[in-house]
Each structure stands twice: as structure tokens, then as C-alpha cells.
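To start, the structure under review is shown below, and the notes come after it.
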Amino acid sequence: MLIGIDWGGTKIEGVALEPDGRELARLREDTPRHDYPGCIRLIRDIIERLERQTGRTGTIGIGIPGSLEPKSRLGKGASSTWLLGQPVEKDVREALGREIRMENDADCLAASEAVDGAGAGYNVVFAVILGSGAGAGIAVGGRAHHGPNNSAGDWGHNPLPFPTINEIPGEPCYCGKRGCMETFVSGRAFQADYARHTGQELLARDILARMRAGDRLARLIWNRYVDRVARGLSVVVNTLDPDIFVMGGGMSNVDELYDDLPPALASYTFSPVFETPIRKAVHGDSSGVRGAAWLWKDG
């Protein structure tokens, strides 16, 4: 049995899978935000409950909202800032008393969708998360690619390409820089952009409902959001030219994204031809937790 844990900023989810991907059990709890020991205790509790429910012991893979510095193995680049600088892997391993495998949550998304999701059959999968933050993972041949700095796919902390005068220097990012992609294309950034123009703090779904009802300002905010995503991904095409883009996170559930993004992206790429498929993650919010379980797929 394969157990996957998706340690997110708002929820911690666990799943138990058969080796062929069939789901045996699933649990989800709210993340104890800013409570690092509490998160580890909750992860241990979820794993124990999954194993009690199934009556079986599983391998354990964990996806985290950041990554591990390759030498020290301390947490880095985490939007859940209470993981930064922590010996996350060591602490979880000691709490469980068992071997684990731990990777970035976007890498888990990429691996999950490459194995049996929207990216199945494609060699190079670039999986984008447009959620409360923004990031990406890369899978090659069905396996997550990390690189020597464990930074492959850290797309959310590149600067926004082709910025206008109104986009410079950009909003401060938790990473210490300004104008990162995450500050422009996350779901929170979309909501903040609308609030700046209207003084109304609405959820993304409510802004989109207004757009669909004919609200002109909501449409302009959406068009600008798509344009920024397109600019960011055009650099990925020019650099990596992946075989497919797989979209995850809350903003990936906006159906208009799949009509509006391809022509916008094509307008920024160096090549006059843009044929790359852009698909919604088949497993949706479950892709990350399934990908964490797949960290042990090959033993």
C-alpha cells in the first residue's frame, strides 16, 4: 500500500492507494497554520488513522509547500513560512519512526498527472499550481525532475516578464523579493487586483460570477490576469518547450482559462507556432496527494 500526504498551507490530506492507483482511504484536516509541531503531530495522526482503516501498513510519501535545501535538507522556498529553515524531513521521520520520502508539492502534482492524469503519455510535463500561491513542477518520463539545487519548476519566484510601468517594481513577496510571478498570478493576487480597483474584497469565484454576468471591470481584471499568466509561461515555452502544461490549484478550475490562455500565450512566445496542449489536472485537488504516494511507486 502507498500512503501519500499533501502538507498544504490550508489543509493536510492523506490518501492510501493500491500500487495500481486504486484509492483505499482518504482523510483531510485543516492545517494548524504557523504551528510546526502541530503539523507534524497531525501528519502522524492521519497516517495512523489510514493504516487503522485499511488494516495495512504503507510506504509514506509527503509533499510539502516548498522544498528541501539539497545539502542541509532544511526547508526552503515554502509559502507556509513556518517550514523555512526547519529540518522538516528529519523531524517527520523521527516522529513516525519510519522511512519517508519528501518532495515539493508541485513536483508531486507533476508526477501524479504524468503517471495517470492529464500528462499521461507525454514525456515532459510542466505542472502549474495557481492557488493561494503559485508554483510549478516538472516531470520527465513520469518522474519528478528536481535539479542539483532542488529548484526545478520554481516558476512562481521568477519576475513577471515584459512588465508595464504600473507593474514595476511589483508587490513584496514573502521570499524577500518584489514582483515575483506569485504576486501577480496566484488566486490571492487576482482577488487583490480586483480590490485595488473597486475597494471590494471578494473571493475569486464571486469576481468571476460578476464577469460572467457582464461586469466590464471584472472582465478587464480577468483579461489582465490571463495576460500575466501567459507572459510567465511564455518564458517556460522559450526555455523548456514542455510537451504539455497541466494546470492545478483553485484558479485552474476556471473554465475560461482554457479558451483565453492559449492565444494569449502564443502572442508572447518566440516561435510563431504554439501547439502545446494546456489541460486541467485530471485528479484536481487530489493530484498532489496522489503524487506524494507515487514517490514510492518504483519501490
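So here's what we get for this one:
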item	result
The one condition in (1) farther than 23 Å from Ser132 by Cα; (2) open to solvent by less than 10 Å² (accessible area, probe 1.4 Å); (3) over 18 Å from the mean Cα position of the chain (by Cα); (4) not polar (S, T, N, Q) that Pro272 fails to fulfil	(2)
Contacts under 8 angstrom Cβ, first residue in segment 178-207 being more than 16 Å from Pro161 (Cα to Cα), partner aliphatic (A, V, I, L, M) and not in a helix (DSSP H, G or I), 6 or more apart	Gly187/Leu130; Ala189/Ala134; Gln191/Leu202; Gln191/Leu203; Tyr194/Leu202; Ala195/Leu202; Ala204/Val254
Residues being among the small types (Gly, Ala, Ser) and without any contact (Cβ under 8 Å) to a residue 40 or more places away in the chain - total across segment 138-151	4
Residue in segment 91-113 that is open to solvent by less than 10 Å² (accessible area, probe 1.4 Å) and in contact with a Pro (Cβ under 8 Å, 6 or more places away or on another chain) present	no
Members of segment 141-162 that are more than 17 Å from the chain's Cα centre (by Cα) and open to solvent by 50 Å² or more (accessible area, probe 1.4 Å)	Gly141, Pro148, Asn149, Pro159, Phe162
Residues satisfying the stated conditions in segment 277-299, i.e. open to solvent by less than 20 Å² (accessible area, probe 1.4 Å) and assigned to a loop (DSSP other than H, G, I, E, B)	Ala281
Output for segment 48-95, where each listed residue is within 22 Å of His34 (Cβ to Cβ), of a type in the set (A, V, I, L, M, F, W, C) and part of a helix (DSSP H, G or I)	Trp82, Leu83, Val88, Val92, Ala95
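The values are calculated or read from the model by the stated rules, or taken from the named source; none is laboratory data. The model shown is predicted, which means the values in this text are computed figures rather than measured ones. Please note: Cβ atoms are built from the backbone with ideal geometry, for glycine as well, and neighbour counts cover all protein chains shown. Calculation scope for accessible area: heavy atoms of the full protein, side chains included, ligands and nucleic acids excluded. Shrake-Rupley method; radii C 1.70, N 1.55, O 1.52, S 1.80 Å.
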